[in-house]
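Student: Before anything else, here's the structure in question.
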Amino acid sequence: MDYIYQEIGLKDDTLKITVNNLALEVLGELHGYADNRSINISSESYDKHELSRAIKLLRQNKIILYKELNSPSIYNIFDYSIAITNRYKLELLSAELTWLERPEEEYDDNTAPFADYVVYYDINTGEMLFNGVHKRLKKTNKALFDALFLASPNYVDRRKLLSILSTTKKDKSSKIILNEAFTNLRKICGVKRRVIQLRGEGGRLQNVETYPLSTQTPPPSFLTD
């Protein structure tokens, strides 16, 4: 699978540096995954043309939204206000670009960056960003993930899982019913069994950071244009 920088068509070496500096500046102003404030950026420490290219590239790939600013004061000059719409992709992109820029003495380390599992989820609609990929769960998959999300990082016991599935397939054992449901949910979410676990204790999200989707939603001012 392509890296994020390849996925968004980031080939220019100068632009890579600008994108990474911008990502590091924006992310450095935020306080954890639940912080979705907009961040004001000045072009003072950037090449203005390259900064404009970087911001537009990230916007085109649905990683950020931005507004151009007209500062009222010469002592507080900001050119852009930026809100992240896909924090997972921005963080992983920055990690990839930092990895690519590593000095020659570190070339023996060919381990590409990999971000932790993160899901933003709206339990009302089934909409999610799982590792930066947009999904919308429906019906059984939604009901099953609702329970796992609410219980995370703890287990949901097998009895509750079976009651959620409310199956009428009398020809199948409870073990098969659960295995099939979890296999399908993993496929929909694009993750492996180590992430959406099913064990004797029940099912759970393993080593997944969970947040309401609202914490990845841009401030209202970015949604009124």
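The values are calculated or read from the model by the stated rules, or taken from the named source; none is laboratory data. Worth saying up front: this structure is predicted, and the values here are computed from it rather than measured. Neighbour counts run over all protein chains shown; Cβ positions are idealised from the backbone, glycine included.
Student: Inside region 23-60, can you point out the residues that are acidic (Asp, Glu) and in contact with a helix residue (DSSP H, G or I) (Cβ under 6 Å, 6 or more places away or on another chain)?
Tutor: Listed by number, the list holds a single entry, Glu50.
Student: Filter region 164-176 down to the residues that are under 33 Å from the mean Cα position of the chain (by Cα) and either more than 30 Å from Tyr211 (Cβ to Cβ) or surrounded by 12 or more Cβ atoms within 10 Å (Cβ to Cβ) (or both), then identify the one that is modelled with the lowest pLDDT.
Tutor: So the residue we want is Thr167.
Student: Restricting to region 168-207, what's the tally of residues that are under 30 Å from Lys62 (Cβ atoms), outside any strand (DSSP E or B) and in contact (Cβ under 8 Å) with a residue 12 or more places away in the chain?
Tutor: Within region 168-207, residues that are under 30 Å from Lys62 (Cβ atoms), outside any strand (DSSP E or B) and in contact (Cβ under 8 Å) with a residue 12 or more places away in the chain number 11.
Student: Kindly indicate whether Tyr46 is assigned by TED's automatic domain parsing to the domain that holds Ile77, within 24 Å of Ser214 (Cβ to Cβ) and of a type in the set (Phe, Trp, Tyr).
Tutor: Criteria not met by Tyr46.
Student: Run down Thr210, Thr140, Thr215 and say which single residue is in a helix (DSSP H, G or I), β-branched (Val, Ile, Thr) and in contact with a helix residue (DSSP H, G or I) (Cβ under 8 Å, 6 or more places away or on another chain).
Tutor: Sole residue among the options that is in a helix (DSSP H, G or I), β-branched (Val, Ile, Thr) and in contact with a helix residue (DSSP H, G or I) (Cβ under 8 Å, 6 or more places away or on another chain): Thr140.
Student: Here is a further query. Inspect region 40-60 for any residue being within 16 Å of Gln216 (Cβ to Cβ) and touching a residue at least 60 places away in the same chain (Cβ under 8 Å) and give the result as yes or no.
Tutor: no
Student: Something else: Given the conditions (1) surrounded by fewer than 20 Cβ atoms within 10 Å (Cβ to Cβ); (2) in a helix (DSSP H, G or I); (3) at pLDDT 95 or above, and given that Asn154 satisfies all but one, which numbered condition is not satisfied?
Tutor: For Asn154, the failing item is (2).
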